1. How big is the antiparallel share of DSSP beta bridges in the protein assembly as shown, given as a percent to the nearest 5?
2. With just the Cα atoms defining each centre, how far is region B:295-333 from region B:24-45? Give it in Å.
3. Could you give the spread of the C-alpha atoms of region B:286-389 along their three principal axes, from largest to smallest, in whole angstroms?
4. Which pairs in the list B:LYS153/B:LYS235; B:LYS99/B:LYS494; A:LYS110/A:LYS184; A:LYS242/A:LYS269; A:LYS218/B:LYS527; A:LYS144/A:LYS204 are over 29 Å apart, alpha-carbon to alpha-carbon?
5. What value, in deg cm²/dmol to 500, does the helix sum -39500 (n - 2.57) over DSSP H runs of n ≥ 4 give at 222 nm once divided by the residues of chain B?
6. Subtract the Cα-Cα distance of A:GLN85 and A:ASP146 from 0.36 nm times their separation in residues, and report this length gain in nm to one decimal.
7. If packing is taken as the average number of other Cβ atoms within 10 Å across a peptide's residues, how do B:474-480, B:224-230 rank, most packed first?
8. Is there a simple number for the mean count of other chain Cβ atoms within 10 Å of the Cβ of residues in B:294-303, and what is it?
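Since every read-out is calculated from the coordinates, none of them should be taken as a lab result. Remember, predicted model here, so these are calculated numbers, not experimental data. Here the Cβ is made from the backbone with ideal geometry for all residues, glycine too, and neighbour counts use every protein chain on show.
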Amino acid sequence: MPIASRYSLVLHLLVAILVANGAIAQEKISPSQDKRDQTEQTPSGQSPPKPGDSEKPIDPDGSVIRQCVQLIGQRQFEQARTLAQRLVRDYPRSSRAYLMLALTYHKERKYEQAEPLLKKAVDLDATHHPPKMFLGWCRYYLGKQDEAEEAFKAYLPTNPDYPDIHFALGLIAYERDQLEEALKRFDKAVELAHDQRRNADEAKSRARRADVLIRQNKLEQARDELITAVRLNPQLYGAMFKLSRVFYRLGDVESARKAKQMHDTVREKRRPTRGHPE
Amino acid sequence: MNRRPQFRFIATLIACATVPMNASDIHFTEVARESGVDLTMTCGATPSRHILDVNGGGVATFDFDNDGDLDLFFANGATIDNPEKGPGSRLYANDGAGKFTDVSEKYGIDISHWAMGVAIGDIDNDGFDDIFVTCYGPNILLKNDTQKPGVGKFIDISEQAAVDDDRWATSAAFGDIDADGDLDLYVVNYLEFDPRKPPSREGIKYKGVSVMAGPHGLKPQQDILYENQGNGTFKNITQNTGCLVDQPGYGLVALMLDFNRDGKQDIFVGNDSTENFLFQNRGDNTFDEIGQLSGIASNMDGSNQATMGIAISDIDGNGLPDSIVTSFSSDTNTLHLNIGDGFFEDRTAQFGLGLITRPFLNWACAFYDFDHDGDEDLFMSAGHVYPEAATTQIDSDYEQPQLIFKRRDSTRFERVINAGTITTEKIRGRSAAFGDIDNDGDIDIVLTQLNGPVKIYRNNTANRNALSVELRQNSRNHRAYGSTIELTIGDQRKIRWIHGGGSYQSFTAPVAHFGLGLKPPKTAALKITWPDGTAESFENISTSGIVTITRGQKNVTIRPFKK
């Protein structure tokens, strides 16, 4: 696994531990991992909402969850699942236990299996908000646009300054060809990520903002947005590809070739070709 | 009759006349058996063990005997244990009303080795369509001498025509790339596969589930471009034309079409898990591969997709052919709009064809106005390659309903889920060909399954307002592949292309079909741009029936649809 990806995963999982433990109830993990959306998340500094106090803490010393998280990091999902299932068995009313189990599927991109577990986690504790966000992404990846939006919007009031929630709603608006709404959402995501110095988040939101601009045939603006995105996150190969497309359309063939070359190099490093079709 | 029932009757009539058409207007009935097609396709073992087992067989709709109706050809496969001896490809003759008779033996169809796909074209300009069959093993060219006195059969001329390449070919497309009046041939090859040493499944996983190997890790094969020599033989010109690429793809489909409307036939090749190719014809028998440059090689993020099928339509009404390519599950199919100046843009999301297709693995595809409301809808066959596929395991089922999208308005498609068993029954859909097989004016669908019975979906649309247009050229490229047909009706202009290839491993009869809405004007105008760029216009064409236009003849023939 490339170093950047490993680093990112470690961060996500670290946060996952904290979330699942109830130490924080914040959405610092990136649930969006679709191949069309390069999503890089880092913890932000905003104050998290308080976790629901209706629930007893699970796994008091954190050992089970830590082990579970390690196994997910090593892509040993079955073993991680066994541990998470034990948590669910021991704490059948725990939203966090269900979230942990759901993550073992979510990280394996088995969204159909993760979805009901996340729904259960939401139902068990409406004040435990992270599952709502994950539920939104699960549904998004399953093609359930309306239900994804519903989950994202349920999460939004609990953490309105979280850039990824606006990013997600922007994607759905874009899918629906609601360009002004998409632009508004991506603008907000860019603004929040910028204020919170979350470069990777800002980059991906700018890249998607550029998609809207391209649709509106505002190619120069799109080019500038993509250049900024790539500067903020030099790993964002999807933006490099789009940049090359925009350069071509603007007639700048040399820059287009360079951007494409950059895309090919970074992409091969970050997502080397593997089995069919992953 | 008392007054109340009479009032109800009148009210019903008024309601029928005024109710706008909606998604439920697209409806099909499965009629394969009652049509006389009781054929189960073969392609490897069930459940599939290797990548050779998963492609399924192709189908063609074409009029081999020139009797005015669409006959059927099925490219049937075999098994890895005995790739030379499968149940055999089949030819069915249509009685004109959509009833078929198996005439394979009568007309000398004797192919028992592993057939994959089919392309149709009149290679010798004798006015009868010949059959090219792509195979795992030597490809086959069958010359249509069925109506020739003293012969009465298809004759296998593969070897003498020099098109019997024995690599694993999937699809093929005919088209006149050098504008010399005869049909050239592009053959799409997939990968190297030795049944004696099939690749190991060891360690191959998809979403954590152990699956068969490939295509990554297996060696892709170069495609072949053949030039028709005009004497019954073909010459492999791949190397000298720019079609020999540095990195071949895992080819599954090709379509020949003039994408930039410069009067020359280009070649669009869909590759599995590798970038798609667009060979732009320079007009001197050479091509530039501009897939990446044009933007059609991948989706908007630059991801190479598992392209299975291709369909074209003028989605945005700018007179240029746009394309959709079908793809793997947990990915979206990709709609590329042809925005001119040699560029394509991924507009999948804009038209509502993105997220909604993620649970499906799609193969064959085509745009047709299935409900005759005036715009083209979309069909995509569906079914997974992995027998292990289950929604609970990899977010996608092994057997899937077929997908139909109705064009809702100028910017969106909407999935139709109540079009009959076609959209509800879960099967292993693969190749599909299209056409009005019962001559009633609407487009029916012939679908093959992987190791399952052929399906024929008869279109039940109530709106009969449609026009079909066939083209003829005497003595050269007689079905006029490479022509453009523009229909002007009222203030609307619609465009269709006559081309070879597309869908997936299949061939669809080159007939342009126009749905005309609920109350069309009685006449329309047609402009035909023939393959060499010459244009002819026809006014006051009656807006119902099958119009046949022969180049250079001002009088068109119109056959009425059957009731």
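1. On the way: 117 of 124 bridges.
Taking every DSSP beta bridge with both residues in the protein assembly as shown, the antiparallel ones total about 95 percent.
2. 27
3. Each principal axis gives a Cα extent; for region B:286-389 these are 44, 35, 28 Å.
4. Numbers: B:LYS153/B:LYS235 25 Å; B:LYS99/B:LYS494 32 Å; A:LYS110/A:LYS184 31 Å; A:LYS242/A:LYS269 18 Å; A:LYS218/B:LYS527 35 Å; A:LYS144/A:LYS204 22 Å.
Listed pairs above 29 Å: B:LYS99/B:LYS494; A:LYS110/A:LYS184; A:LYS218/B:LYS527.
5. Numbers: 5 runs with 32 residues, N = 563.
Estimated from H runs of four or more residues: -1500 deg cm²/dmol.
6. Working: separation 61, 0.36 × 61 = 21.96 nm, distance 2.97 nm.
Roughly 19.0 nm would be gained on extension.
7. Working: B:474-480: 19.4, B:224-230: 21.3.
The peptides rank, most packed first, as B:224-230, B:474-480.
8. Numbers: counts 2, 5, 0, 0, 1, 4, 7, 15, 12, 8.
Across the residues of B:294-303, the mean count of other-chain Cβ atoms within 10 Å is 5.
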